[in-house]
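Data block below; observations after.
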Amino acid sequence: MVTQHSLRRTVRVSLRRCLAGIAALALAGSMAASPAPAAASETPAAENVLRIATDGFVDSFNPFTSFYLVPTNTFRYMYENLVANDAKDGSVTEGLATEWNTDSEGKVWTYTIRPDMKWSDGEPLTSKDVAWTYNQMMDNDEMAVANGSLVENFAKVEAPDDSTVKITLKKAQANNPGQEIPVVPEHVWSKIDKPGEFKNDEKSVGSGPFQLDSYEANKSITLKANPNFWRGKPKLDEIQYRYYTNSDAQVQAIRSGEVDFITGLSPDQFTALENADDVELNDGNGRRFNGISINPGVADADGKEFGTGNEALKDKKVRQAIRAGIDTETLRKQVMQDYAQPATSFIPAVYPDWALSPDNRVVSGFDVDRAKTLLDDAGWKEGSDGIREKDGEKLQLRFLTDADVRAPRSS
């Protein structure tokens, strides 16, 4: 997930994911991938194995401590949340819980757990596992590294019986408190001496459709189907992530049939694969965006300011001028080669019920004259060399980027 402080929002381009895949098979339940033509390869993959190319970083597969993209993606295979989000519109839907309600004040949430579920090792999954997971995050700082903010408003979590979870909040909140927290088996994790240091990198036990079987650093991640998954055993037997040093190497891997799926392609890479044999391209609206984050300086909980941003960026007019000076449409067409759509906020248009409408009055666009006027009004006048200056100081801003970054990776 990408989040940005409201003061840092200036311009965003929501990218349409460029995907290339071969021999993808449908997964069980919500874990779905579109089938594509099989590739002709000297060493074909096993029939029910999906091979995915990656270059992502892995610190561990510990859902309490890791927040990197590749591990958090695998958590969605390995574990489930109390409630989930609908793939179409993001609305709250069933997860481990089949139904839930709140009291009149919105402070007590009561969930009914799906009956007869099992962990991948065959042990029963009950409400006590949910309560144990949440209480560990509330009571143990090392278990709150990744998602501790999600339980800050929790006063207590109880499991009055095997099928009921009750969350009491300190104050009412709008979002469902059962979201985004992977639930782990108490009978496994309670026996780990230092759970905050546990890598969890082989033979995992979870409730999701696939479980981590093995991990070789910078080589591979192997997940195997969970026969006890409550929706039924997945149609795929195995998912393999294979490591490549860069995106060009991934493109060659898809051409040669070494992998079945790659994502996060640049427009040039996507276009280069248009005539590749046995490769099916998928161009769709993505759920992430490219944006510029402005650093005006921030303050901590005690009001103490910190940060290294230019003082000029604290002026709203300067920030608005930067936005007005960015030609998003040219970037979209020439840099992204029309494989992008303009974004109006940090919520992409793929979520029509939540995205800000383009005709909303707060949405601004490219306007050089307005940018100049805003800078003039802020006291930054154009100097003889064309650079804006104020009180004898030239307006100089640092722009930081990652030279290796390409289109955002899908989750």
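Values for this structure:
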read-out	value
The range 366-388, residues that are in contact with a helix residue (DSSP H, G or I) (Cβ under 7 Å, 6 or more places away or on another chain), in a loop (DSSP other than H, G, I, E, B) and without any contact (Cβ under 8 Å) to a residue 60 or more places away in the chain	F366, D367
Criterion (within 28 Å of E202 (Cβ to Cβ), in a helix (DSSP H, G or I) and either acidic (D, E) or in contact with a strand residue (DSSP E or B) (Cβ under 9 Å, 6 or more places away or on another chain) (or both)) met by exactly one of E180, E142	E142
Filter result for I221 (in contact (Cβ under 8 Å) with a residue 60 or more places away in the chain, β-branched (V, I, T) and surrounded by 13 or more Cβ atoms within 10 Å (Cβ to Cβ))	yes
Residue, farthest from V350 (Cα to Cα), within the range 273-305, restricted to residues that are surrounded by fewer than 16 Cβ atoms within 10 Å (Cβ to Cβ) and within 22 Å of the chain's Cα centre (by Cα)	S293
Any hit, the range 340-347, residues being assigned to a helix (DSSP H, G or I), aliphatic (A, V, I, L, M) and either under 30 Å from the mean Cα position of the chain (by Cα) or in the same structural domain as G291 (by TED's automatic domain parsing) (or both)	no
Residue count for the range 148-159, restricted to those that are part of a loop (DSSP other than H, G, I, E, B) and either out of contact with any Pro (no Cβ under 8 Å at 6 or more places or on another chain) or not assigned by TED's automatic domain parsing to the domain that holds I113 (or both)	1
Test result for T98, more than 28 Å from K233 (Cα to Cα) and either touching a residue at least 60 places away in the same chain (Cβ under 8 Å) or touching a Phe, Trp or Tyr at 6+ places or on another chain (Cβ under 9 Å) (or both)	no
Any hit, the range 306-320, residues being assigned to a loop (DSSP other than H, G, I, E, B), modelled with pLDDT under 90, surrounded by fewer than 13 Cβ atoms within 10 Å (Cβ to Cβ) and not hydroxyl-bearing (S, T, Y)	yes
Residue check for R361: surrounded by fewer than 15 Cβ atoms within 10 Å (Cβ to Cβ) and not aromatic (F, W, Y)	yes
The one condition in (1) in contact with a Gly (Cβ under 9 Å, 6 or more places away or on another chain); (2) surrounded by 16 or more Cβ atoms within 10 Å (Cβ to Cβ) that N135 fails to fulfil	(1)
Yes/no for P160 being over 22 Å from the mean Cα position of the chain (by Cα), exposed (fewer than 14 other Cβ atoms within 10 Å of the Cβ) and either at pLDDT 95 or above or within 26 Å of R114 (Cα to Cα) (or both)	yes
Those strands (runs of 3 or more DSSP E) lying entirely in the range 1-109 with at least 3 residues at pLDDT 90 or above and buried (at least 21 other Cβ atoms within 10 Å of the Cβ)	49-54
Count of residues meeting criterion [surrounded by fewer than 20 Cβ atoms within 10 Å (Cβ to Cβ), touching a residue at least 24 places away in the same chain (Cβ under 8 Å) and of a type outside the set (D, E)] in the range 195-206	4
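The values are calculated or read from the model by the stated rules, or taken from the named source; none is laboratory data. All of these numbers come straight from a predicted model, not from anything done at the bench. No Cβ is skipped: glycine too gets one built from the backbone with ideal geometry, and neighbour counts run over all protein chains shown.
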